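The values are calculated or read from the model by the stated rules, or taken from the named source; none is laboratory data. Remember, it's a predicted structure, so these values are computed and weren't measured experimentally. Glycine gets a Cβ as well: all are built from the backbone with ideal geometry, and neighbour counts include every protein chain shown.
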Amino acid sequence: MNSRDPRALALLSVVVPVFNEEASVDLLIPRLFALFEREGITGEVICVDDGSRDRSWDRLVAWQATYPNLTLVSLSRNFGKEIAIAAGLDIADGNAVVLMDSDLQHPPEVIPEFLAQWHTGHDIVYGVRRNRDQDGALRRAFSRAFYRVFNTLSHTPITPDAGDFRLMDRKVVEAIRRMRERARFMKGIYSWVGFKSHAVDFDVVERVHGKSSFSPSRLFNLAFDGIISFSTVPLRFAMYAGASIALLSIALGTYYMVRTMLFGIDVPGFASIIVSTLALSGFTMLQMGLMGLYLGRIYDEVKARPLYLVREIVGRPAAMQKLESASPALSHLKDLV
Ligand code: UDP
Ligand code: MG
């Protein structure tokens, strides 16, 4: 233990986003509380139901009767995992907070290892998947390429294979809470806040129930959004490429002018005109599309809508107050709790 920072654990919060996981929550909730008991951890679990369409919410409410330290938040619709996590972090009270999936792919038994690292003074302890063999070769290649492109284009480097399974010190959580952006590329956010980080290897467990919500196309969009969120290099690249083409056209124009003065006009030249016109208009459209992406992003953020809306809270009443201050548009919910 660090003498400068003794880090007594007053409360550990475990934040779990839940989307259509009725079978998994029945296994996860008792397993988490059994772990707390075994390890002598004072812990709370916060489950954020992200608009599940199955019986997940009913199952969670049933478990709440057994475990008073289980706080449940139900969002008004499916907002996506990143936003569900934001809602959970908004009410997490622990001086250390663990994020994990509800599908049992993140083994709760790694949490004591996370805590041991936190005790030694690390502010973020993140899980790194040891095995990626359940992913196909194509997905692995795509993910490698993504990390390479992202880290080349962005000033916020991200660690390959580190996901949302992690422990964060209270001050990290408070920093992330202040980031209210709608496009939430979590890997970038974790890296942007900084702090002392440490990696712990873990084995991803095969999904037992249900199926992943992240299809290849959703993953591709996520990767693209991540780059747009954390880099403006594509914009600059378009500008440089535009400038180079403009310079090239001036040089070419001068060359043709001089040549015409010396040797007179010669007719051939359709090919070069067509090719350059196509190349230029193609490039202009590409550049406009790119600007449109950033513009769309600005539009989304400038509307400043609340990050999420809450339908119901079960458990700790104080959670309501916190959500209200995080998202003032929720004040109408006061009567519910
Ligand atoms: N999840 C969520 N909202 C969504 C999609 C997923 O809260 O829109 C949750 C899901 O319940 C799980 C976690 O996010 O706890 C990871 O989802 P999934 O297992 O589908 O992703 P994968 O493990 O394939 O990356
Ligand atoms: Mg999963």
| field | Residues within segment 16-54 that are buried (at least 20 other Cβ atoms within 10 Å of the Cβ), among the acidic types (D, E) and either in contact (Cβ under 8 Å) with a residue 40 or more places away in the chain or in a loop (DSSP other than H, G, I, E, B) (or both), tallied | value | 3
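Okay, residues lined up against (1) modelled with pLDDT under 95; (2) within 27 Å of V25 (Cβ to Cβ):
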residue: V98; (1), (2): no, yes
residue: L104; (1), (2): yes, yes
residue: P107; (1), (2): yes, yes
residue: V110; (1), (2): yes, yes
residue: H119; (1), (2): yes, no
residue: G127; (1), (2): yes, yes
residue: N131; (1), (2): yes, yes
residue: R139; (1), (2): yes, yes
| Taking segment 263-313, which residues are surrounded by 12 or more Cβ atoms within 10 Å (Cβ to Cβ) and hydroxyl-bearing (S, T, Y)? | S276, T284, Y294, Y308
| query | Inside segment 152-188, can you point out the residues that are surrounded by fewer than 19 Cβ atoms within 10 Å (Cβ to Cβ), within 16 Å of the chain's Cα centre (by Cα), part of a helix (DSSP H, G or I) and of a type outside the set (A, V, I, L, M, F, W, C)? | reply | R177
| request: Just name the residue that is farthest from the chain's Cα centre (by Cα) out of those in segment 189-219 that are of a type in the set (A, V, I, L, M) and over 27 Å from I298 (Cβ atoms). | output: V208
| message | Among (1) touching a His at 6+ places or on another chain (Cβ under 7 Å); (2) modelled with pLDDT under 85, there is one condition H198 misses while meeting the rest; what is its number? | response | (2)
| note | Within segment 91-150, residues within 16 Å of ligand 1 (Cβ to nearest atom) and among the aromatic types (F, W, Y) come out as Y126, F142, F146, Y147
| Residues of segment 189-209 satisfying the condition of being surrounded by 17 or more Cβ atoms within 10 Å (Cβ to Cβ) and among the small types (G, A, S) | S191, S197
| note | Selection from segment 244-288 of residues closer than 22 Å to P234 by Cα and of a type in the set (A, V, I, L, M) yields I245, A246, L247, L248, L278, A279, L280, M285, L286, M288
| field | Residue selected from segment 184-241 under the condition in contact with a strand residue (DSSP E or B) (Cβ under 8 Å, 6 or more places away or on another chain) and either among the hydroxyl-bearing types (S, T, Y) or over 16 Å from G163 (Cα atoms) (or both), by the criterion farthest from ligand 2 (Cβ to nearest atom) | value | K196
